[in-house]
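The values are calculated or read from the model by the stated rules, or taken from the named source; none is laboratory data. Not measured: the values here are computed from a predicted model. Neighbour counts are summed over all protein chains in view; Cβ atoms, including those assigned to glycine, are modelled from backbone coordinates with ideal geometry. Protein only, heavy atoms only, side chains kept; ligands, DNA and RNA dropped before computing areas. Shrake-Rupley method; radii C 1.70, N 1.55, O 1.52, S 1.80 Å.
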Amino acid sequence: MMCAEELGAYGLRSLGIGERLLPRSDITLCDQVVLIGSGMIWNVYFGVLALAAGFFLATLLALGKAATSAWIRKPADWFVFLFRGSPLFIQFFLAYEAFVRLPDSIGVGLFGAEGADLGWLTRAYAGALVVLFFNTSAYAGEIFYGALRSVPKGDLEAADAYGLTGFTRFRRIVWPTMLRLAWPAYTNEAIFLFHATTLVFFSGFPAWRQQGDALYYASYFADKTFNPFIPYPIVALYFIVLTLIVISLFSAAGRRLNRHLPSSERPRRPRAIGQLIR
Amino acid sequence: MFEYCSDPSALDGARWLSCYLTNGVHLRFYSSFGTVLLLLAITAPLALAFGFLGAAASRSSVAPLRWAGKTYTAMVRGVPDIVFFLFFVIALDQAFEWMRHQALCPGWDAPIRQGAEFNVCPEAKLPRSSAPQAWHEAYNFSLAIVTFAIVFGAFAANVLYGAMRAVPRAQMETAAAYGMTERQAFRRILVPQMWVYALPGLSNLWMILIKATPLLFLLGVEDIVYWAREIGGSKTSAFSYPHPDWRIWYFSGLLVFYLIFTKISEIVLAQLTARLSAGQATAEGERLRRAAPAGPAA
């Protein structure tokens with residue numbers, strides 16, 4: 001079997017299972033493929049969790065931005081502006097520095113005299129996830145807000161005519177239509193989010209015990225072999241596969257959202273990246 | 001900077017701060033903002049040119065040229081841009097040295113790639129090891145510029161390719177009916193009209209480009225992130241201005257810088273869109289036409 005030995009040694013190395021030392025000399029193609037693939041676990045972890053949690057916050061942010069009360073609208077506006085207006089790279093650095101300081105300043109105030117141990121926030125698996133969660137929420141919130149404003153007037157009038165109000169009206173009419181309209185752009189955002197996960201270990205967050213993501217291992221190999229022409233194309237191939245999976249999942253969901261429409265009115269399937277909006 | 005700064009340990013309060021913020025490393029920190037702006041000023045037009053060539057090649061009737069254009073355009077879809085950044089910086093460096101090696105040292109027979117080494121003859125090294133530090137920095141910076149231009153050129157090619165397809169077909173058919181050649185129609189009809197369709201995508205790309213500039217740090221350039229980390233780190237009493245870890249304040253400063261920068265860009269681009277849309281056969285152009293008061297245009 002191809003690469004079986006390497007698969008056993010490094011297949012779960014990014015989680016700390018298997019060989020402790022990374023390959024140093026006589027690096028084979030198998031080593032690179034397996035270890036970089038192992039790093040993809042983290043990219044998928046960050047992407048999936050941030051996206052799943054971000055979806056709900058994004059909906060709230062979109063509603064917040066559309067609220068009539070300035071007390072709700074302004075904070076939502078500022079949140080979106082803060083995370084969309086600044087580079088993710090800086091956000092990672094700033095968050096890391098903030099989390100490092102957290103236990104001895106805010107932690108004491110919030111969790112009693114001795115303070116809670118918030119050290120886990122300085123580790124990438126939690127800290128970077130929080131940043132990615134906020135970041136994708138802000139981008140998706142803006143997308144959802146745009147869609148919310150484009151919900152056809154007739155749909156809302158029909159909802160009123162049926163006597164739907166409040167949360168029922170939102171859940172059954174506004175929300176599905178909003179998602180349907182936002183879906184192509186949201187697919188784009190999901191792709192960008194998965195791409196953004198590669199930044200985690202190149203910013204403030206250190207890789208603990210050399211447990212990093214795909215790009216972390218690729219740049220490790222590029223440093224060790226001084227040959228960029230093998231590890232980076234491997235990462236690229238992994239990401240192309242990941243992107244195709246994301247697209248197929250999202251277009252399946254998109255089909256479901258549009259299933260009540262006649263086929264001529266359904267939006268076309270999203271292309272690999274239809275419009276580059278971020 | 002100021003006269004009273006000669007003995008920092010004797011200072012306190014506002015005077016200490018004024019001396020601290022104007023010492024040598026801080027002046028280099030401030031000038032690195034210039035580095036970022038310089039990168040943007042060079043990269044943006046260069047990437048636009050790359051993108052234009054890529055988009056034009058994708059439409060070419062010559063098959064190999066079209067494939068090259070399509071490949072270039074498709075490059076950034078599906079693969080994170082930072083992979084390209086890390087790749088091109090080393091790959092370009094090695095490519096340049098390899099080409100110089102072939103040209104300058106024809107008699108060299110040792111293999112270039114030996115295990116983990118990349119050995120070209122000493123004459124082919126870029127920059128030469130005897131060159132002053134400034135050349136090394138300039139070389140790194142230009143590698144970064146070319147890398148940015150290639151990657152953002154691919155993004156721009158996507159946008160421009162879409163914009164070229166958005167120009168109404170009737171326009172090109174009319175050009176053909178007037179007896180223009182393919183090339184003339186491209187230059188006189190397609191290119192002047194495509195910009196209004198390209199502008200939303202290009203504005204968006206400009207925002208992405210601004211937010212990509214901190215990646216210069218990863219490419220080995222002494223940019224604002226480098227200096228913020230360097231200066232912000234805690235300084236022991238061995239330094240003239242000892243202080244605890246202040247990186248969080250420096251990064252907050254960078255955050256504010258980027259927020260202001262993107263906000264200003266947003267306002268300017270919105271005005272530009274309005275100006276370009278005037279008189280165009282698009283929804284926005286129609287809206288502007290209706291909104292304008294009757295009478296001759298000013």
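The table that follows gives values for the structure above.
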read-out: Residues of region B:67-111 that turn out to be open to solvent by less than 40 Å² (accessible area, probe 1.4 Å), among the polar types (S, T, N, Q) and either more than 9 Å from chain A (Cβ to nearest Cβ) or in contact with a Pro (Cβ under 7 Å, 6 or more places away or on another chain) (or both), as a count; value: 1
read-out: Residue that is farthest from the other protein chains (Cβ to nearest Cβ) [pool: residues in region B:256-279 that are within 26 Å of B:MET194 (Cα to Cα), of a type in the set (Val, Ile, Thr) and loosely packed, with under 13 Cβ neighbours inside 10 Å]; value: B:VAL268
read-out: Number of positions in region A:171-185 that are modelled with pLDDT of 90 or more and aromatic (Phe, Trp, Tyr); value: 1
read-out: Answer residue from region B:112-124, given it is touching a residue at least 12 places away in the same chain (Cβ under 8 Å) and away from chain A (no Cβ under 14 Å) and is surrounded by the fewest Cβ atoms within 10 Å (Cβ to Cβ) among those; value: B:GLU123
read-out: Residues satisfying the stated conditions in region B:244-276, i.e. closer than 18 Å to A:PHE89 by Cβ and free of Cβ contacts under 8 Å to residues at least 12 places away in the same chain; value: B:SER252, B:LEU255, B:VAL256, B:LEU259, B:ILE260
read-out: Single residue of region B:62-97 satisfying the filter (closer than 27 Å to A:PHE226 by Cα and charged (D, E, K, R)) that is modelled with the lowest pLDDT; value: B:ARG77
read-out: Qualifying residue in region B:134-141 (condition: part of a helix (DSSP H, G or I) and either in contact with a Ser or Thr (Cβ under 6 Å, 6 or more places away or on another chain) or among the charged types (D, E, K, R) (or both)); value: yes
read-out: Selected residue (criterion: nearest to the other protein chains (Cβ to nearest Cβ)) from residues of region B:208-254 that are under 30 Å from B:MET164 (Cβ atoms) and crowded, with 18+ Cβ neighbours inside 10 Å; value: B:LYS211
read-out: Looking only at region A:245-262, and only at residues there that are touching a residue at least 12 places away in the same chain (Cβ under 8 Å) and assigned to a helix (DSSP H, G or I), the one that is surrounded by the most Cβ atoms within 10 Å (Cβ to Cβ); value: A:ILE247
read-out: A:ARG266 being out of contact with any Asp or Glu (no Cβ under 8 Å at 6 or more places or on another chain) and either modelled with pLDDT under 75 or away from chain B (no Cβ under 11 Å) (or both); value: yes
read-out: Inter-residue pairs, beta-carbon under 7 Å, first facing chain B (nearest Cβ under 8 Å) and in region A:90-102, second outside any helix (DSSP H, G or I) and buried (at least 24 other Cβ atoms within 10 Å of the Cβ), 6+ apart; value: A:PHE93/A:SER203; A:PHE93/A:GLY204; A:GLU97/A:GLY204
read-out: Enumeration of residues in region A:144-176 that are outside any helix (DSSP H, G or I) and of a type in the set (A, V, I, L, M); value: A:VAL151, A:LEU164
read-out: Condition met for B:ALA157 (open to solvent by less than 20 Å² (accessible area, probe 1.4 Å), small (Gly, Ala, Ser) and outside any loop (DSSP other than H, G, I, E, B)); value: yes
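A quick yes/no check of all residues on (1) within 22 Å of the chain's Cα centre (by Cα); (2) not charged (D, E, K, R):
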residue: B:HIS136; (1), (2): yes, yes
residue: B:GLY162; (1), (2): yes, yes
residue: B:GLN171; (1), (2): no, yes
residue: B:MET180; (1), (2): no, yes
residue: B:ARG183; (1), (2): no, no
residue: B:SER203; (1), (2): yes, yes
residue: B:ASP223; (1), (2): yes, no
